[in-house]
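The values are calculated or read from the model by the stated rules, or taken from the named source; none is laboratory data. From a predicted model like this one, the values you see are computed outputs, not experimental measurements. For neighbour counting, all protein chains shown are included, and Cβ atoms are generated from backbone atoms with ideal geometry for every residue, glycine included. Each accessible area value is taken on the protein alone, full model and side chains, heavy atoms only, with ligands, DNA and RNA left out. Shrake-Rupley method; radii C 1.70, N 1.55, O 1.52, S 1.80 Å.
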Amino acid sequence: MAIEFFNEMYQGSQVRAPYARLEDWMRAMPAEFRQMKQAEAEALFRRIGITFAVYGEGGDPDRLIPFDMFPRVFTQVEWHRLERGIKQRARALNAFLLDVYGRGEIIRAGRIPARLVYQNAAYERAVAGFTPPRGVYSHIVGIDLVRTGPDDFFVLEDNCRTPSGVSYMLENREIMMRMFPALFRENRIEPVDGYPDLLRRTLASVAPAKCEGEPVVVILTPGHFNSAYYEHSFLADLMGVELVEGADLFVEGGFVWMRTTEGPKKVDVIYRRIDDAYLDPLCFRPDSMLGIAGLMDVYRSGGVSIASAPGAGVADDKAIYTFVPEMIRFYLGEEPVLQNVPTWQCGKPDDLGHVLDHLAELVVKEVHGSGGYGMLVGPRSSAAQLEAFRARVIANPGNYIAQPTLALSTTPTFVNEGIAPRHVDLRPYCLVGERIELVPGGLTRVALTDGSLVVNSSQGGGVKDTWVLAE
Amino acid sequence: MILTVSHATTYRYSAPMRGAVQSLRLTPSRFDGQAAREWQVEVEGGIRGGSFRDGAGDRVEGWSVRGPVREVTVRVSGQVETRDLHGVLAGHRETVPAEAYLCASTPTEPDAALVALAQEAAAGASDALDRAHLLAAAVRAAIAYRPGATHAHTTAAEALALGEGVCQDHAHALIASAHVAGFAARYVSGYLFSDAAAGAQEAAHAWAEIWVNGLGWIGFDAANACCPDDRYIRLGSGRDAQEAAPIKGLAMGPGSESLEVAVAVGASQQ
C-alpha cells in the first residue's frame with residue numbers, strides 16, 4: 001500500500017513559499033561545511049548538557065538527542081489557525097477539569113460516560129470540590145500535533161500534567177542563531193525566547209488569594225537523577241526563580257515555606273515537575289520521599305497554588321482524548337478547529353471487531369502507554385508481530401485503542417547521504433493563567449530513520465528548530 | 001442521644017524528631033443524624049494549619065509541630081447530639097459522586113473467595129437494599145470478631161481467609177463484596193458508644209457505607225450486625241482505612257514511633 005506523504009517543503013518540483021530562502025541556503029552549503037556545523041551543534045548541546053529524554057519516553061537519560069539543523073517552517077497563516085485550535089483546546093480541557101471536580105455537568109448531560117472519569121486512575125477524589133485560582137488546572141498544555149496535508153492537522157494527544165521538552169524549543173533556536181546568524185537576518189522569524197518570562201507571569205497570575213505582594217514562584221524537581229532535571233534547572237534559571245526539592249520546603253501555619261540562608265520564605269506558587277502520587281505522603285503515596293508532607297492540606301485551604309493542579313491528568317488520558325471535540329462543543333459552543341485522529345476503543349465490542357479485522361492497517365496503542373512502547377504500527381509489522389499483538393488485544397481489549405496509520409508530513413532533514421525527507425510531529429506549549437498565551441513555535445520531533453513514523457527520541461527520533469515566519 | 005467523647009492519641013519517638021506534620025479528620029460529619037454541640041481538636045504544642053471541607057464532606061485540619069519533638073499528643077473532646085436514621089446518611093453535602101467509589105484499592109481488592117461470598121449472599125435478594133443487608137450479614141458470618149488476629153495492613157481477602165478480624169477487616173471485606181455486587185462502597189471512621197461489655201465493639205470504630213440508588217449512602221456495621229444508629233458518631237470517609245484515617249501524620253527524623261490511644265465515649269439520654 002503506497003501512502004502519499006505531504007512534503008512541507010516541496011510540492012512536486014515546486015518549493016513551497018515558506019521554504020524558499022532555505023532552498024538557497026541548503027543549495028549553497030558545501031557538504032564539508034555542513035558536517036562541520038553538525039559537529040559544532042553536537043558539541044554545543046553536549047556542553048550545555050541537554051541530554052534528557054522527552055517526558056515519558058524512557059531510554060538512556062544521558063544520551064544526546066540528535067539535533068537536525070534543517071528548520072521546520074510555518075507561515076503566519078498556518079500558525080494562526082494552529083494557534084486558534086491549540087488555545088481552544090487548552091480552554092476546553094481546563095473547563096472540563098473544573099467541571100468534573102465540580103458539578104460534573106458534562107457527565108449529567110450524557111456527553112461523557114461517568115465511568116471514564118470517576119473510575120479513571122488519574123481522577124483525584126482529594127481535590128473534588130476545590131476550585132484552584134482562576135479555575136485553572138492545567139497551566140502548561142502540551143498538544144502533540146501531526147500534519148497530513150497543506151491544511152490538515154490532527155491532534156495526537158494532549159499533555160495536561162507536566163509536558164516537557166520546552167527547553168529543546170529554546171535551545172534549538174539559540175543554537176541555530178549562534179551557528180547561522182545570517183539565516184535569521186534573511187528570514188523574519190517570530191521569536192520564542194519570551195517563553196520563560198510568559199511562563200513566570202502565567203504562574204504568578206494563579207497565586208492564591210491569600211498571597212500579598214509579588215508572588216514567590218518555585219520549580220519543584222524530583223532531583224538531579226530525574227531525566228528532565230536539566231530542563232527544570234534551565235527554566236528556573238531563565239525565569240529567575242528557585243529550583244527546589246521536597247526537602248527544601250515545609251508546611252506551617254497553613255502556608256508552604258522554603259528554607260533559605262535568611263530564614264524561611266513563604267512560597268505562593270509551586271510549578272511541580274513531579275507526579276501527583278509523590279506530592280504529599282499524607283495525601284497520596286505514603287512512601288514518597290520526593291514531596292512535602294501536608295502540602296495538600298495547605299493547597300486545599302488556599303495557602304499555595306500548584307501547577308499543574310493535582311488531578312489535571314484526568315483530562316489527558318487516551319480514553320478521554322476521544323471526547324475532547326465534544327468538550328469544545330459543550331463548554332465553548334464552538335466547532336473544533338483541530339481534528340482528533342479517529343480512534344477506536346478496543347473495549348467496545350464493535351470497535352474491537354473493526355480493529356481485529358484491520359489490524360494490518362492500524363496503529364494500536366496501550367491506553368496508558370507512552371514513548372512508542374507497547375505499540376503496533378500495522379503496515380510496518382510482520383505477520384508474526386501482528387498475530388502476537390492480536391493475542392494481547394484480545395486478552396485485554398480495554399487496555400488498547402487503535403487509530404489509522406497517519407501519513408505524517410515530512411520535512412527535509414540532513415542525513416548521511418545528504419538531504420532527505422523525514423517524518424515530523426509538533427508539540428507547542430500553551431500557557432494558561434490570567435490569559436492564554438502561546439509562543440509562536442514549539443518542539444518539532446523528527447523520525448531520523450528512513451520511512452519511520454515514530455518520532456520518539458527513545459526510538460531514533462531527533463529534534464529541529466521550529467520557525468513561524470513573520471509576515 | 002447526647003454522646004460525650006474524649007479521645008487522646010499520643011505518638012512517642014525513640015529519638016528526638018526534627019518535626020511532625022499531621023492531617024486530621026477528627027470533626028463529626030454534618031448530616032441529619034448528628035450535630036456537634038461543642039467540639040475541640042488540639043495538637044499539644046502544635047501550630048494550626050489550613051482547614052477546609054473536602055469533596056467528600058469531611059472537615060480536614062492540617063497541623064505541624066516544630067522539632068525537636070519526642071512526643072505528640074492529639075486531643076479531641078466534645079459533645080454530639082445524635083439521632084437514629086437507620087444508617088441513612090441524610091442531609092450530608094459532598095461533591096464526590098458515588099461512581100468514584102466503584103473501584104477497589106489494595107486492601108479491598110476482591111479475590112475468588114470474596115467474589116464467591118458476594119455472589120452467594122446476594123443471590124436471593126429482593127432489591128438493592130436487601131442485597132446490601134445480605135452482604136453485610138454474610139461478611140459478619142464469615143469473619144469472627146477477634147482483636148489481635150489481624151494488623152493495620154491486612155487485606156479483605158486475607159481477613160476472609162483467616163476468618164477473624166476487627167471492625168477494619170469487616171469494613172474492608174464488606175466494601176470488597178459490595179463492589180463485586182456492583183455497589184459503590186466506602187470506608188467510614190468514627191466513634192461508637194457501647195452501653196455494655198458487649199464484646200464486638202470498639203469506641204474508635206469503623207464501618208462501611210454502601211450506595212443504594214434512591215436512598216443514597218447507607219452505613220452498614222458488619223462487625224456489630226447492624227446499621228449505624230444514635231450510638232455512632234461519623235467522622236470521615238475514604239476508599240479504605242488508610243484514606244479515611246482520622247489521623248495521618250509523619251514525623252521527620254531517625255526515631256521509631258510508638259502509639260498510645262485512649263478513647264472514651266459516654267452517653268446521656270435527653
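List the GluC sites (Glu not before Pro) within the stretch B:2-67 that fall in a DSSP loop (any state other than H, G, I, E or B) and whose Cβ has at most 16 other Cβ atoms within 10 Å.
B:44
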How large is ³J(HN,Hα), in whole Hz, for each residue of the stretch A:252-263 in order, when computed from phi with the Karplus curve 6.51 cos²θ - 1.76 cosθ + 1.60 and θ = phi - 60°, using x for Gly and Pro? 6, x, x, 10, 9, 10, 10, 6, 10, 5, 9, x
Can you figure out the FRET efficiency of residue B:15 with residue A:233, using R₀ = 35 Å and their beta-carbon distance, to the nearest 0.05? 0.50
By how many degrees, between 0 and 90 and to the nearest 10, does the Cα long axis of helix B:167-180 differ from the longest principal axis of chain B? 40 degrees
What spacing in nm lies between the two simple spin-label points modelled at residue A:343 and residue A:210, each 7 Å away from Cα in the Cβ direction? 3.7 nm
Expressed in angstrom, Rg and Dmax over the Cα atoms of the protein assembly as shown are 28.9, 98
Antiparallel %, DSSP beta bridges [both residues in the protein assembly as shown], to 5: 85 percent
Just subtract the alpha-carbon distance of residue A:357 and residue A:399 from 0.36 nm times their residue separation and send over the number in nm, one decimal. 13.3 nm
Suppose each label sits 7 Å from its Cα in the direction of the beta carbon; what would the residue A:416-residue A:390 distance come out to in nanometres? 3.6 nm
Can you list the residues, at least 5 places off or on another chain, whose amide H is less than 5 Å from the amide H of residue B:255, using H built in the peptide plane? B:15
Nearest 10 degrees, 0 to 90: what angle lies between the long axis of helix B:128-142 and the longest principal axis of chain B (Cα atoms)? 70 degrees
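FRET efficiency for residue A:111 and residue B:40, Cβ-Cβ distance as r, R0 = 41 Å, nearest 0.05?
0.30
Give the Rg/Rh ratio for the stretch A:240-307, taking Rg as the radius of gyration of the Cα atoms and Rh as the Kirkwood radius, to two decimals.
Rg divided by Rh gives 0.93.
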Give the peptides A:259-266, A:86-93, B:246-253 in descending order of average Cβ contacts within 10 Å, highest first. A:86-93, B:246-253, A:259-266
Charge tally for neighbours of residue B:48 with beta carbon under 14 Å away, counting Lys, Arg as +1 and Asp, Glu as -1, is -2
Peptide B:45-56, shielding by other chains (average Cβ, 10 Å cutoff): 6
Which cross-chain or sequence-distant (5 or more) residues have an amide H under 5 Å from the amide H of residue A:267, H modelled 1.01 Å from N in plane? A:256, A:257, A:258
Inter-label distance, nm, simple model (7 Å from Cα along the C-beta direction), residue B:242/residue A:197: 4.7 nm
Rolling a 1.4 angstrom probe over the protein chains, ignoring ligands and nucleic acids, what is the accessible area of residue B:103 in square angstrom, nearest 10? 40 Å²
Let me know the shape class of the stretch B:1-121, please: from the alpha-carbon gyration tensor, a ≥ b ≥ c as square roots of the eigenvalues, rounded when a/c is under 1.5, otherwise prolate if a/b is greater than b/c, or oblate. oblate
Using the Kirkwood formula over every pair of different C-alpha atoms, what hydrodynamic radius in Å results for the stretch B:92-147? 13.2 Å
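According to the Kirkwood expression over distinct Cα-Cα pairs, how big is the hydrodynamic radius of the stretch A:343-404, in Å? Can you show the working numbers first?
On the way: mean 1/r = 0.0899 Å⁻¹.
One decimal place: 11.1 Å for the Kirkwood radius.
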If you take the accessible area of B alone, add that of A alone, and subtract the area of the pair, what total do you get in Å², probe 1.4 Å, to the nearest 100? 2000 Å²
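Can you tell me the accessible area per residue over chain A, all protein chains present, probe 1.4 angstrom, in square angstrom?
Using a 1.4 Å probe on heavy atoms only, each residue of chain A averages 39 Å².
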Can you list the lysines whose alpha carbon is less than 20 Å from that of residue A:265, not counting same-chain residues fewer than 8 positions off? A:210
With θ set to phi - 60°, apply the Karplus curve 6.51 cos²θ - 1.76 cosθ + 1.60 along the stretch A:66-80 and write out the HN-Hα couplings as whole Hz, x wherever there is a Gly or Pro. x, 10, 9, 7, 7, x, 9, 10, 10, 7, 4, 5, 4, 5, 4
Ordering A:268-278, A:4-14, B:65-75 by per-residue average of other C-beta atoms within 10 angstrom, highest first, gives A:268-278, B:65-75, A:4-14
Evaluated at q = 0.12, 0.19 Å⁻¹: base-10 log I(q)/I(0), Debye formula over Cα of the stretch B:87-244: -0.43, -1.15
Report Rg/Rh for the stretch B:171-233, rounded to two decimals, where Rg is the Cα radius of gyration and Rh the Kirkwood radius. 0.99
Looking at the stretch A:144-198 from every direction and averaging, what is the projected area of its Cα convex hull in nm²? 5.5 nm²
Enter the mean number of other protein chain beta carbons within 10 Å of the beta carbon of each residue in A:286-294, as an integer. 3
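Please give the charge dipole size of chain B, origin at the Cα centre, charges +1 on K and R Cβ atoms and -1 on D and E Cβ atoms. Round to the nearest 20 debye. Before the final figure, lay out each step's value.
On the way: 21 positive and 30 negative charges, 166 e Å.
Rounded to the nearest 20 debye, it is 800 debye.
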Compute the signed sum of charges (Lys and Arg +1, Asp and Glu -1) over the other residues within less than 12 Å, Cβ to Cβ, of residue A:292. -3
Taking beta carbons within 10 Å but only from partner chains, what does the mean come to for residues B:93-105? 5
Whole-number Å³ per residue for the convex hull built on Cα positions in the stretch A:290-417: 231 Å³
Per-residue ³J(HN,Hα) for the stretch A:346-356, Karplus 6.51 cos²θ - 1.76 cosθ + 1.60, θ = phi - 60°, Hz, x for Gly and Pro: 5, x, 8, x, 4, 5, 4, x, 4, 4, 5
Accessible area expressed per residue, the stretch B:176-270, with surrounding protein chains retained (probe 1.4 Å, Å²): 37 Å²
Built amide H within the under 5 Å cut-off of residue B:92, gap 5+: B:32
First measure r as the distance between the Cβ atoms of residue A:16 and residue A:121, then evaluate 1/(1 + (r/R0)^6) with R0 = 45 Å and state the FRET efficiency to the nearest 0.05. 0.55
Where does the Debye-calculated log10 I(q)/I(0) of chain B sit at q = 0.08, 0.09, 0.12, 0.16 Å⁻¹, using only Cα point scatterers of equal weight, no solvent? -0.32, -0.41, -0.72, -1.24
Work out how much length residue B:262 to residue B:119 would gain on full extension: take 0.36 nm times their residue separation and subtract the Cα-Cα distance, in nm to one decimal. 47.5 nm
